[in-house]
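Trainee: Below you will find the structure I want to go over with you.
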Amino acid sequence: MERTYKPGIIDSVMAGQNLAKQRFVGFNGRHTNSGDKALGVCDASTEENQLAPVALNGILLIETGGSIAAGDKITSDGQGRAKTAGVNDEVNGYAIDESQGSGEIIRIARGI
């Protein structure tokens with residue numbers, strides 16, 4: 001199914017590692033660790049030490065790290081993929097779509 005992508009603000013960050021498209025990126029330019037606060041979602045695969053475009057808010061596409069229900073609070077797994085947030089996790093958005101498992105692309109609302 002075609003997913004609607006409507007980014008708001010796109011900024012850049014120096015990539016602290018090779019970054020995969022559609023994964024959470026931290027303020028340090030690396031994929032976020034599990035439960036960490038994200039700067040945004042990487043908008044294009046980017047090599048280390050290059051400027052990476054990062055979508056900060058909007059309706060964003062992200063790769064999943066497991067099963068997610070629509071409406072779930074979303075955080076990052078240890079590879080920058082989306083997972084359902086636990087009690088002590090930072091919330092990086094809300095799932096618009098559901099996911100049956102890892103490796104799927106879903107929409108999240110970020111910045112609401």
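Trainee: Between beta-carbons, use under 9 Å as the cut-off and find the net charge around residue 3, counting Lys and Arg +1, Asp and Glu -1.
Mentor: -1
Trainee: For the chain, go through all pairs of different Cα atoms, get the mean of 1/r, take its inverse, and jot down that Kirkwood value in Å. Can you show the working numbers first?
Mentor: Working: mean 1/r = 0.0755 Å⁻¹.
This gives a value of 13.2 Å.
Trainee: Could you list which residues have their amide H under 5 Å from that of residue 104, counting only those 5 or more apart in sequence or on another chain, with H placed in the peptide plane?
Mentor: The list, which skips near neighbours in sequence, is 64.
Trainee: Using the Karplus curve 6.51 cos²θ - 1.76 cosθ + 1.60 with θ = phi - 60°, work out ³J(HN,Hα) for each residue of region 75-89 in order, rounded to whole Hz, and write x for Gly and Pro.
Mentor: Those phi angles translate into 10, 9, 8, x, 10, x, 8, 6, 8, 5, 6, x, 4, 9, 7 Hz.
Trainee: Return the sequence-ordered ³J(HN,Hα) values of region 96-101 in whole Hz as given by the Karplus equation 6.51 cos²θ - 1.76 cosθ + 1.60 applied to θ = phi - 60°, using x for Gly and Pro.
Mentor: 8, 10, 9, 10, 8, x
Trainee: Out of residues 5 or more away from residue 78 or on other chains, whose amide H comes under 5 Å of its own, with H placed 1.01 Å from N in the peptide plane?
Mentor: Residues meeting the amide H criterion: 34.
Trainee: So who's got an amide H within less than 5 Å of the one on residue 85, skipping anything under 5 residues away but keeping other chains? H placed 1.01 Å off N, in plane.
Mentor: Placed amide hydrogens put 73, 74, 75 under 5 Å from residue 85.
Trainee: May I pose another question? Could you size up the charge dipole of region 50-112 around its Cα centre, putting +1 on the beta carbon of Lys and Arg and -1 on that of Asp and Glu, and report it in debye to the nearest 20?
Mentor: Taking the Cα centre of region 50-112 as origin, the dipole is about 140 debye.
Trainee: Which ³J(HN,Hα) values in Hz, rounded to whole numbers, follow from the phi angles of region 30-42 under the Karplus curve 6.51 cos²θ - 1.76 cosθ + 1.60, where θ = phi - 60° and Gly and Pro get x?
Mentor: So the Karplus estimates, Gly and Pro as x, are 10, 4, 5, 7, 4, x, 7, 6, 9, 5, x, 10, 4 Hz.
Trainee: Taking all pairs of distinct Cα atoms, average 1/r, flip it, and tell me the Kirkwood hydrodynamic radius of region 62-110 in Å to one decimal place. Before the final figure, lay out each step's value.
Mentor: Numbers: mean 1/r = 0.0995 Å⁻¹.
Every distinct Cα pair counted, the radius reaches 10.0 Å.
FYI, it's all coordinate maths here, none of it is from the lab. Please read all numbers here as calculations on a predicted model, not as lab measurements. Virtual Cβ from ideal backbone geometry, glycine too; neighbours counted across all protein chains shown.
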